[in-house]
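The values are calculated or read from the model by the stated rules, or taken from the named source; none is laboratory data. Computed from a predicted structure; not experimentally measured. No Cβ is skipped: glycine too gets one built from the backbone with ideal geometry, and neighbour counts run over all protein chains shown.
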Amino acid sequence: MMQLPNPKPSQLWAEFKAFAFKGNLIDLAVAVVIGAAFSKVIDAVVKDIIMPLVSYLLPGKAGYESWHLGRLMIGHLLAELLNFLIVAAAVFLVIVKLIGAIMKKSTAAAADEPATKECPLCLSVIPAKATRCSQCTADLPPAPANSPAT
């Protein structure tokens, strides 16, 4: 029979804290809460604004919620489909396009600046922002600032 390890309560607590307070786990929890709130807002927009406008365009006095084929609630299904499409479009525009453009711009700016430079005295490779060589300890002139072209 395989015997399970018997950790001490303090060790178990330390492992739990390491798991529960990881940065990406907290980010995920925040995303879920914000996603739930965002979903409620989009649901209200669909049910209170978009679907009543759609019901004005189609003949009949009943609201979209009463649209049905037999027992199939077509009106509710349409509201949920519109809800999904609006959320998907918002996520695509905000997350994929906007954040993607910001990330592309920041990586392009980082690619323009060299990460390393050569010490003029000992010729060792050092970080570009270094003001003192780590090999020969020589004081280095500050890196030239990128000034706008005039």
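Pro114 passes every criterion in (1) in a helix (DSSP H, G or I); (2) loosely packed, with under 12 Cβ neighbours inside 10 Å apart from (1). Filtered by the rule that a residue be of a type in the set (Gly, Ala, Ser) and either at pLDDT 75 or above or assigned to a strand (DSSP E or B) (or both), the range 117-143 gives Ser124, Ala128, Ala130, Ser134, Ala138. The combined condition, being under 24 Å from Phe38 (Cα atoms), modelled with pLDDT under 80, assigned by TED's automatic domain parsing to the domain that holds Phe38 and surrounded by fewer than 12 Cβ atoms within 10 Å (Cβ to Cβ), is fulfilled by Val94.
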